[in-house]
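Before any comments, here is the structure.
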Amino acid sequence: MRARRNVLIVEDEPEVAGALKRQLEELSCSVEVALSGDVGLSMALGKPFDLIVLDIMLPGLDGLEVCRRLRVRQTYTPVLIVSARTSEIDKVLGLEMGADDYLTKPYSAAELVARVRSIFRRVDALSGQGGTVHEPLRIGDALTIDPGSREVTVRGKPVVLTQKEYDLLLLFAHNPGRVYSRSQLLDAVWGYSHDGYDHAVECHINRLRAKIEDDPSRPRLLLTVWGVGYKFSSAD
Ligand code: CA
């Protein structure tokens, strides 16, 4: 059995925070609430959480800034943005503030539960089921991935990847030879598939290639399967 998940809610409206708390407790999460961004950030920095549910419009430090400051750290905590401001949500995705998913207010309890479950499933899958510590993956003679620290090196040199680039790489590396369509990648890594986001996959693949391939225009690791999607090379 998995331990209870610790969730932090950062939300300045006590009623909204209270409703969220009850919904998450029904998912057997242990929930703490911060009513401002500053308090939320210091709580998040003080102890590990399995998920942070973050409002954007907060007095003082806003949700985007909280998200940005969390992402500067090595330790990775999933963030679910819950906000009424769709333009800000576009910014979260566009600027890659590092949120894992978002919900727009008003949302239904069922939607919240689905998003939270999907984040937990994805985190478990990417970390290799339930937080077991994994040996670094070595791919060919150049690439290593350390799922514990989320560090990636190419020929011994550290490579800085965004969260989504890292998640994509790890998914491929765990499943060499398996072909993924763009919508499967959106589902597995972004946790949702919205129309029009296929280009986001291509962008991330191209940036990932630029970082890990010797010659990104002739990739040897991250291969295009024409008309279908992408796969990771299964040969050394
Ligand atoms: Ca608010």
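The values are calculated or read from the model by the stated rules, or taken from the named source; none is laboratory data. All figures in this text were calculated on a predicted structure; none of them were measured in a lab. No Cβ is skipped: glycine too gets one built from the backbone with ideal geometry, and neighbour counts run over all protein chains shown. With ligands, DNA and RNA removed, areas are computed over all heavy atoms of the protein, side chains included. Shrake-Rupley method; radii C 1.70, N 1.55, O 1.52, S 1.80 Å.
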**Request:** Mind running the shape call on the chain? Use the C-alpha gyration tensor, a ≥ b ≥ c as the square roots of the eigenvalues: rounded below 1.5 for a/c, prolate if a/b tops b/c, oblate otherwise.
**Result:** prolate
**Item:** Cα-Cα over 28 Å, subset of Lys21/Lys47; Lys21/Lys231; Lys157/Lys231; Lys211/Lys231
**Value:** Lys21/Lys231
**Request:** Considering Cα pairs under 8 angstrom that are at least six residues apart, work out the relative contact order of the chain and quote it in whole percent.
**Result:** 12 percent
**Request:** Tell me the label-point distance for the pair Arg68, Asp146, using the 7 Å Cα-to-Cβ offset, in nm and rounded to one decimal.
**Result:** 2.8 nm
**Cα→Cβ-extended label distance, 7 Å offset, between His199 and Ala109, nm** = 4.0 nm
**Asked** For region 5-126, which whole-number percentage of the solvent-accessible area (1.4 Å probe, protein heavy atoms only) is attributable to carbon and sulfur atoms?
**Response** 53 percent
**Request:** Give, in nm to one decimal, the length gained when the segment between Asp214 and Val179 is fully stretched (0.36 nm per residue of separation minus the Cα-Cα distance).
**Result:** 10.4 nm
**Asked** Share of region 137-232's accessible area from carbon and sulfur, percent, 1.4 Å?
**Response** 50 percent
**Antiparallel content of DSSP bridges confined to the chain, in %, to 5** = 50 percent
**Asked** Can you list the residues of region 150-180 with backbone N under 11 Å from a point 7 Å past the Cα of Leu137, pointing along Cα to Cβ?
**Response** 166-178
**Message:** Before I look further, what does region 5-126 give for accessible area per residue, probe 1.4 Å, in whole square angstrom?
**Reply:** 44 Å²
**Asked** Which peptide among 136-143, 31-38, 163-170 comes first, and what is the full order, when sorted by highest mean count of other Cβ atoms within 10 Å?
**Response** 163-170, 31-38, 136-143
**Message:** Sorting check: for 4-13, 173-182, which peptide has the highest mean count of neighbouring beta carbons within 10 Å, and how do the rest follow?
**Reply:** 4-13, 173-182
**Request:** For region 169-181, take each phi angle, set θ = phi - 60°, evaluate the Karplus expression 6.51 cos²θ - 1.76 cosθ + 1.60, and give the result in whole Hz per residue in order, putting x for glycine and proline.
**Result:** 4, 5, 4, 5, 5, 6, 10, x, x, 7, 8, 10, 7
